[in-house]
Amino acid sequence: MCGIVGLFLKDARLEPHLGEMLADMLITMTDRGPDSAGIAIYGRGQAGRGKLTVQSADPEADFAGLDRDLRAEVGGHVGLEVKDTHAVIEVEADRLAAAREAVRALRPGLKVMSAGEGIEIYKEVGLPRDVAARFEIARMAGTHGIGHTRMATESAVTTAGAHPFSTGADQCLVHNGSLSNHNAVRRGLRRAGMRFETENDTEVAAAYLSHRMEEGAGLGEAMEGTLRDLDGFFTFVVGTRNGFGVVRDPIACKPAVMAETDQYVAFGSEYRAMVGLPGIEAARVWEPEPATVYFWER
Amino acid sequence: MLHATANRLDAESVQTFDLAARGLRALNETLHALKGQPTNQTVWEIVNTKGAHAIAVGLDAPLDVTVRGTTGYYCGGMNKQATIRIDGSAGPGVAENMMSGTVIVEGDASQYAGATGRGGLLVIKGNASSRCGISMKGIDIVVHGSIGHMSAFMAQSGNLVVLGDAGDSLGDSLYEARLFVRGSVKSLGADCVEKEMRPEHHALLEDLLRRGLAEGKADPSQFRRYGSARRLYTFHVDNASSY
């Protein structure tokens, strides 16, 4: 099964409540997948600053002195905010790639969840309610976000196997379904220089989009490509720095409901994920058509 | 009787059930307990549905149930005798495996509406999504809007009436269900073909439109009929009367 939620705000007045709304939506979807949960939140960010969200199985040891060690490696102002097993590292935007490499060398046990100007990703094994509480998601502000609760089929129940997957700066993807040609696509993407952290099918879809956008495709165009190049069942919800997209495979047996008002665009695996949103009674509610790309950009 | 639903809800005898306050199991147990009982509690209104699953499933009494709001999976599933009206949109599998009675959806319906239905009538006043009437076995389905892809897949018997358009692969691997579509059909599935509209089909359709609350909205002459070419399964004419 798996449960997906997504929220793309049009009305800036809702931004302080993004985390709260998204966490509530995800908790409602708990019984679609109790294995692990994750949320990507896009904040406004600060001009000239970049962020890495990292995760550790041994946070105390890994995060101690990490800001100091990173400053020595990449220079500039380095911020570090620890949240349970995750930490958000802030560096000068032009040093983000260097910081990522430095983290890899300094703390080999750390996993990079996301990198970019706005994105932060938090994911762990466990129920959405517990995961949201551990990372205080409800207190986070932002412009858009995506959440996922997983019922694992294609790879193990681990933190790294949880969604969202991020394979490019400020990009992320969540997936309900399973891909059947992910090994072949992964091989091709590896030859093209993409790096993979897991054996998970969804990571391949994320990397596919990152690669296409790296080659110059827009979000919509890259998503169109999934319909041609990825085989299997999928409902994907995708985030970029300023965009939000949805696409379902041509069979479209994985459920999807969308709602749009003047204030937001919302996605849920089921309608009940969206019942708490403001003005939902008057929203335009529809099911995304099979093999059709929907995306919004600000 | 169907048209009277709204008026009857004003009557004092309406039992209102707050789903959020009392829970799904209490709802279905309460409605199941009315089976075979002489009761005045035949008119029910369910409020605070919030997209919950399995609302009013497995009823077996001549109840008149109005569900206020949008429902999740399987609302009205396995229904016998009851008239269930959803004053909102319905999630996947509305009226799945219905045996008799009536389910009316005021809004849209999600995937596989009326799947495997054995009898009764499902009316969808909006659009239905993919796989509407999949494997239907005797149910009548009237959709005022359009239906999605793979509808009536392996449909065995009963009637599917669509006032709007049908998506890809209509009636794939069809048995003896009758499909009537007024608008366009994006594509026909394997072994599904257009068939002649004979006088008996006009009469049948007229009755279905009337019972499907679409009288005056469409005329039988505007519809095309689709059915099985009978090349995929072994059709014996001796069994024709059992469909």
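Observations on the structure shown:
- The mean number of Cβ atoms from other chains found within 10 Å of a Cβ in peptide B:148-157 is 1, as a whole number.
- Positive-end residue of A:VAL265, B:GLY88, A:THR149, charge dipole of the protein assembly as shown with Cβ unit charges: B:GLY88
- Sequence of B:VAL162, A:VAL285 when ordered by accessible area, the most exposed leading, probe 1.4 angstrom: A:VAL285, B:VAL162
- For the stretch B:5-230, the per residue solvent-accessible surface stands at 37 Å², with DNA, RNA and ligands left out and a 1.4 Å probe.
- Those lysines that a straight Cα-Cα span of less than 20 Å connects to B:LYS217, excepting residues fewer than 8 apart in one chain: B:LYS125
- Amide hydrogen neighbours beyond the local backbone of B:ILE104, cut-off 5 Å, H modeled: B:ILE84, B:ARG85, B:ILE86, B:VAL123
- Interface of B with A. Using a 1.4 Å probe and counting protein heavy atoms only, the two chains hide about 900 Å² of accessible surface, both sides summed.
- Kirkwood hydrodynamic radius of the stretch A:1-104, Cα pairs, Å: 15.8
- Working note: Cα gyration tensor of the stretch B:5-230, eigenvalues times five, square-rooted, sorted largest first, giving semi-axes of 31, 17, 15 Å.
- Residue ranges A:276-284, A:121-129, A:94-102, A:40-48 sort as A:121-129, A:40-48, A:94-102, A:276-284 when ordered by packing (mean number of other C-beta atoms within 10 Å per residue, highest first).
- Rounded tilt (10° steps) of B:199-211 against the dominant C-alpha axis of chain B: 20
- Estimated from helical segments only, the mean residue ellipticity of chain B at 222 nm is -3000 deg cm²/dmol, where each DSSP H run of four or more residues counts as -39500 (n - 2.57).
- Mean separation of Cα contacts under 8 Å (6+ apart) over length of chain B, as relative contact order %: 10
- Highest to lowest packing among A:189-197, A:201-209, scored as the average C-beta count within 10 Å: A:201-209, A:189-197
- Residue-averaged [θ]222 nm for chain A, counting only DSSP H segments that reach four residues, each worth -39500 (n - 2.57): -7500 deg cm²/dmol
- The calculated FRET efficiency for the pair B:GLU215 and A:ARG187, based on their C-beta separation and a Förster distance of 60 Å, comes to about 0.50.
- For the stretch A:116-263, the pair-distance distribution built from all alpha carbon pairs, in bins 5 Å wide starting at 0, is 2, 9, 19, 23, 22, 15, 7, 3, 0 percent.
- For chain B, DSSP calls about 15 percent of its internal beta bridges antiparallel.
- Dipole magnitude for chain B: computed about the Cα centre from +1 point charges on Lys and Arg Cβ and -1 point charges on Asp and Glu Cβ, it is near 260 debye.
- A Förster radius of 45 Å, combined with the Cβ-Cβ distance separating B:SER242 from B:SER184, puts the computed FRET efficiency at roughly 0.90.
- Amide H partners (placed H, <5 Å) of B:VAL185, local residues excluded: B:ALA166
- Peptide ranges A:110-116, A:289-295, A:77-83, B:110-116 listed from the most packed, as the mean C-beta count within 10 angstrom indicates: B:110-116, A:110-116, A:289-295, A:77-83
- All-pairs Cα distance distribution in the protein assembly as shown, expressed in whole percent, bin size 20 Å: 21, 47, 26, 6, 0
- Cα-based radius of gyration for chain A, normalised by 2.2 N^0.38 Å, reads 0.93.
- Candidate lysines for bridging to B:LYS80, where Cα separation is under 20 Å - those fewer than 8 sequence places away on the same chain excluded: B:LYS35, B:LYS137
- FRET efficiency for the pair A:ALA98 and A:GLU260, taken as 1/(1 + (r/R0)^6) with r the Cβ-Cβ distance and R0 = 30 Å, rounds to 0.15.
- A:CYS253, B:CYS75, reordered so the largest accessible area comes first (probe 1.4 Å): A:CYS253, B:CYS75
- The HN-Hα couplings worked out from phi for the stretch A:67-75 by the Karplus form 6.51 cos²θ - 1.76 cosθ + 1.60 (θ = phi - 60°) are 5, 5, 5, 5, 4, 5, 7, 10, x Hz, whole numbers, x standing for Gly and Pro.
- The lysine pair tally for chain A, using Cα distances under 29 Å and a gap of 8 or more places or different chains, is 11.
- Gain on full extension, evaluated as 0.36 nm per residue between A:PHE196 and A:GLU297 minus their Cα-Cα distance, stands at 33.6 nm.
- The charge dipole of the stretch B:89-220, taken about its Cα centre with unit charges on the Cβ of Lys, Arg, Asp and Glu (plus for the first two, minus for the last two), comes to roughly 180 debye.
- Which of B:SER169, B:SER241 is most accessible, then next, and so on - probe 1.4 Å: B:SER241, B:SER169
- Each of B:SER135, B:ALA52, B:PRO62 was scored by the projection of its Cα onto the charge dipole of the stretch B:5-230, and the greatest displacement toward the positive side belongs to B:SER135; charges sit on the C-beta of Lys, Arg, Asp and Glu.
- Peptide A:266-274 is shielded by partner chain Cβ atoms: per residue, an average of 4 of them sit within 10 Å of its Cβ.
- Each Cα pair under 8 Å and six or more residues apart adds its sequence gap; the mean of these over the residue count of chain A is a relative contact order of 24 percent.
- Extension gain for A:THR158-A:ALA64 works out to 31.5 nm (0.36 nm per residue, less the C-alpha to C-alpha distance).
- Average 1/r across all pairs of distinct alpha carbons in the stretch A:47-117, invert it, and you get the Kirkwood radius: 11.6 Å.
- For the protein assembly as shown, share of DSSP beta bridges that run antiparallel, in % to the nearest 5: 65
- Counting Cβ atoms of other protein chains within 10 Å of each Cβ in A:277-284 and taking the mean gives 1.
- Convex hull of alpha carbon positions in the stretch B:9-108: directionally averaged projected area 5.4 nm².
The values are calculated or read from the model by the stated rules, or taken from the named source; none is laboratory data. On a predicted model such as this, the values are computed, not experimentally measured, just so you know. No Cβ is skipped: glycine too gets one built from the backbone with ideal geometry, and neighbour counts run over all protein chains shown. SASA here: full protein model, heavy atoms, side chains in, ligands and nucleic acids out. Shrake-Rupley method; radii C 1.70, N 1.55, O 1.52, S 1.80 Å.
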